[in-house]
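**Student:** Here you go, one structure.
Nothing in this text is a laboratory measurement; each read-out follows from the coordinates by a stated rule. Just so you know, these numbers come straight off a predicted model, no measurement behind them. In this analysis, Cβ positions are derived from the backbone assuming ideal geometry, glycine residues included, and neighbour counts consider all displayed protein chains.
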């Protein structure tokens, strides 16, 4: 079951695209699945993991590369989606700037990520990656955990991945923030 925040985000996305037919969407760090499924949309998925890209059945185009350094060429998109990816990057700002340059006029950016200052965010930041792998393997019973292309993925938690820094970067780029939601599980 999706969280209330995810339902709100999907509702806003569908509303934003209600007048656009065949939207071109870039999912940065999209991995193995599309996070904002919209009928009629075409998805280009960028990921650093070949294994994750191969699993993605929604992508019409796949780009293997690093969101911080990728050259998108002359591609243009109606929206860019960053779903649980910015916290994994050393320079989230670089990824946002590169993707922003691909946006068509009136383009949208959707960002979903953890609250770095939450208990979960702090715990993730303070514990070594191998302990997350053990949790995934032995508690969640995911035998491939930590192998290339399988969660858990390493987390950088760069300060640039905080809500305030992301909002600041988007405002610097001339974008309006139209929806911010926080969901804390109980």
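**Student:** Can you give the relative contact order of the stretch 119-175 as a percent, counting alpha carbon pairs under 8 Å and 6+ residues apart?
**Tutor:** 24 percent.
**Student:** If packing is taken as the average number of other Cβ atoms within 10 Å across a peptide's residues, how do 134-142, 27-35 rank, most packed first?
**Tutor:** For the peptides 134-142, 27-35, the packing ranking is 27-35, 134-142.
**Student:** Something else now. Between residue 135 and residue 175, how many nm apart are label points set 7 Å from Cα along the C-beta direction?
**Tutor:** Each label point lies 7 Å from its Cα, and together they span 2.8 nm.
**Student:** How far is it, in nm, from the label point at residue 144 to the one at residue 49 when both lie 7 Å from their Cα along the line to the Cβ?
**Tutor:** 0.9 nm
**Student:** Shifting gears a bit: Over the stretch 44-182, what is the relative contact order in whole percent, taking alpha-carbon pairs under 8 Å and six or more residues apart?
**Tutor:** Relative contact order here is 24 percent.
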